[in-house]
Amino acid sequence: MVRPISGKDVCVRAAMLCLALWTSAACHAGEVEVLHYWTSGGEAKSLGELKGMMTNRGHSWKDFAVTGGGGQNAMSVLKQRVLSGAAPAAALIKGPTIQEWAELNVLTNLDAMAEFEKWDALLPKVIADQMKHQGHYVAVPVNVHRVNWLWANSAVLRKAGVTSLPRTYDEFFAAADKIKAAGFIAVAHGGQDWQDFTVFESVVLGVGGAAFYNNALVQLDKRSLASDTMRQSLEVFRRLKSYVDDKASGRDWNVATDMVIKGKAGFQFMGDWAKGEFLAAGQRPGVDFSCSAAPGTDTAYTFNVDSFAMFQLKPWEAQKAQGYLAYLLMGQDFQEKFNLRKGSIPARLHMDMEKFDACAKASSKDFVAASKAGTLVPSIAHGMAVSTAAQTALRAVVSDFWNSDKTTVGDAMSKLVLAASTKPR
Ligand code: BGC
């Protein structure tokens, strides 16, 4: 539960006062400890923008990085820290998990800052709603990642004679066959459960469409999970595996992206944090690599919003630094610089997209179009759609199906139905 705003919610008020009176003695800088899992090349560069902005203002940054893409490790470490009474100032927490933390009454109420800075008017409602618990802001969104992307190495496609980007799975498998025949790995993949789940959700969206995705993977409707459409999705998903090399097990996502960057592999299914890696490696979209919607998904959009929740802190200096962090995260300057590197687009509305590349411009346009068309759906693999417990259970089923050829499509559907009943703890 989050308390309604009161005189006790000082951190954001103090920070706001300090923003106005920076020279005042009351505004000495403080330290922020920030838990995150942004440790790949592109991610670290993006986060560097934030660290620089905090330290330029005199605050000190205590990095609390927990390796492991998708953030599962980070979330376990965070639990231990909070339970032992040593919460960081801020943590990268997303989607329904924000509500789970807010229920424990450990998050800071950010309403004063949000009202002062007019966050309601600056954020799409679908994002603002996820940042609030019982109507009170408890987290700050920094971006929108699109998950349903297919990345490709332009030279590999050219050498393999693939002349256009695949828009359907028939086209995709035809292209993948050519890439394989030309001696390349067709699909770069990292065999970790969250990566399997990332590919799976794009396949479900491509095979079934946004309404089906919503029924099956957001509402967890059992009939949809056991339907013919789910059967077809699982078949396509299994077929994809035959295009992955046999050393994929345990591989990190950015190592898989590097296989595309270096021209060892043709395609990767991954959210647009992968673009951060292409950019960090000096590659140019539309020239060295391409971004296109995963097959069958060009009119839909799976969103994944990175956000920071602020934990309640006692020391006054720490509260002020924390308030400044919250202010900075929603600022235009940070949202532009950070997202130019991260591969995502700003969460904040009305931003000038001039400096952004064609992939980001397409993402921004498609986000609006999908939102109007009702085809904007939350990513289940990235913690936007269901409770942590249900996400964990469904991810295990999908990953087991991917890894074990003995599990039949029928078994997987029955297990999905069972996993969908998992209640939040
Ligand atoms: C996060 C991204 C991150 C990616 C890989 C996603 O769940 O939203 O910010 O780059 O995982 O760790």
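Summary table
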read-out: LEU279 being within 18 Å of the chain's Cα centre (by Cα) and not in a strand (DSSP E or B); value: yes
read-out: Pick from the stretch 237-256, criterion more than 21 Å from the chain's Cα centre (by Cα) and over 16 Å from GLU201 (Cα atoms), ranking: farthest from the ligand (Cβ to nearest atom); value: SER242
read-out: Where SER399 falls short, out of the listed (1) over 26 Å from GLY52 (Cα atoms); (2) surrounded by fewer than 23 Cβ atoms within 10 Å (Cβ to Cβ); (3) out of contact with any helix residue (DSSP H, G or I) (no Cβ under 6 Å at 6 or more places or on another chain); value: (3)
read-out: Test: residue in the stretch 335-345 that is within 14 Å of the ligand (Cβ to nearest atom), in contact with a strand residue (DSSP E or B) (Cβ under 6 Å, 6 or more places away or on another chain) and part of a loop (DSSP other than H, G, I, E, B); value: yes
read-out: Residues of the stretch 384-397 classified as aliphatic (A, V, I, L, M), within 16 Å of the ligand (Cβ to nearest atom) and part of a helix (DSSP H, G or I), total; value: 1
read-out: Within the stretch 15-65, considering residues that are hydroxyl-bearing (Ser, Thr, Tyr), at pLDDT 90 or above and not in a helix (DSSP H, G or I), the one farthest from the ligand (Cβ to nearest atom); value: SER60
read-out: Some residue of the stretch 311-323 being closer than 30 Å to ASN109 by Cβ, surrounded by fewer than 22 Cβ atoms within 10 Å (Cβ to Cβ) and within 16 Å of the ligand (Cβ to nearest atom); value: no
read-out: Tally of residues being within 14 Å of PHE269 (Cβ to Cβ), part of a strand (DSSP E or B) and either under 13 Å from the mean Cα position of the chain (by Cα) or of a type in the set (Val, Ile, Thr) (or both) across the stretch 290-303; value: 1
read-out: Residues of the stretch 351-383 classified as hydrophobic (A, V, I, L, M, F, W, C), part of a helix (DSSP H, G or I) and within 16 Å of the ligand (Cβ to nearest atom), total; value: 3
read-out: Selection status of VAL287, among the β-branched types (Val, Ile, Thr) and touching a Lys or Arg at 6+ places or on another chain (Cβ under 8 Å); value: no
read-out: Pairs where the first residue, in the stretch 131-145, is free of Cβ contacts under 8 Å to residues at least 24 places away in the same chain and the second is in a loop (DSSP other than H, G, I, E, B) and away from the ligand (no atom under 16 Å from the Cβ), C-beta under 6 Å, 6+ apart; value: none
read-out: Extreme residue, surrounded by the fewest Cβ atoms within 10 Å (Cβ to Cβ), among residues of the stretch 230-264 that are in a helix (DSSP H, G or I) and polar (S, T, N, Q); value: GLN232
read-out: Residue in the stretch 272-280 that is within 16 Å of the ligand (Cβ to nearest atom), surrounded by fewer than 21 Cβ atoms within 10 Å (Cβ to Cβ) and of a type in the set (Asp, Glu) present; value: no
read-out: Residue that is surrounded by the most Cβ atoms within 10 Å (Cβ to Cβ), among those in the stretch 117-174 that are among the acidic types (Asp, Glu) and farther than 25 Å from VAL204 by Cβ; value: GLU117
read-out: In the stretch 67-95, the residues that are surrounded by fewer than 20 Cβ atoms within 10 Å (Cβ to Cβ) and within 16 Å of the ligand (Cβ to nearest atom); value: THR67, GLY68, GLN72, ASN73, SER76, VAL77
read-out: Pairs where the first residue, in the stretch 77-98, is among the hydroxyl-bearing types (Ser, Thr, Tyr) and the second is buried (at least 22 other Cβ atoms within 10 Å of the Cβ), C-beta under 6 Å, 6+ apart; value: THR97/GLY383
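The values are calculated or read from the model by the stated rules, or taken from the named source; none is laboratory data. Source: prediction; values computed, not measured. Ideal geometry is used to build each Cβ from the backbone, glycine not excepted, and the neighbour counts take in all protein chains shown.
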